[in-house]
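A.B. asks: This is the structure I have questions about; it appears just below.
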Amino acid sequence: MAGSPRPIWTAAAGALVSGAAAPAFLGIVIFGGIVVPLALEVLWLRGRALHSRAVPALVLAGSLALRILVVYAGQDLGFPRA
């Protein structure tokens, strides 16, 4: 429907991806919690790097940041009116 309001979850996702929380979401969660650990694991599987204890720490830090940012984005939007 062209005239219907956006659902609240699309507004929350937009706040994470392009709002005030976007640098933290993209930098910490996506890059630091997913891309870097994945690259380190691929290097370890190919025998080009030693296994590091930083990989699980990065994944845990990224997941904690995701939880915090999701709560922050939800509180930033407020409650929907019925």
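A.B. asks: Take region 43-74 and flag every residue that is more than 19 Å from Val29 (Cα to Cα) and exposed (fewer than 11 other Cβ atoms within 10 Å of the Cβ).
C.D. replies: Leu45, Arg46, Gly47, Arg48, Leu50
A.B. asks: Does Ala49 qualify as being in contact with a helix residue (DSSP H, G or I) (Cβ under 6 Å, 6 or more places away or on another chain), under 25 Å from Gly19 (Cβ atoms) and of a type outside the set (Phe, Trp, Tyr)?
C.D. replies: Judged against the criteria, Ala49 is not a match.
We did not get these values from a lab; they are worked out from the coordinates using the rules stated. Owing to the predicted nature of the structure, the values given are computational and were not obtained by experimental measurement. No Cβ is skipped: glycine too gets one built from the backbone with ideal geometry, and neighbour counts run over all protein chains shown.
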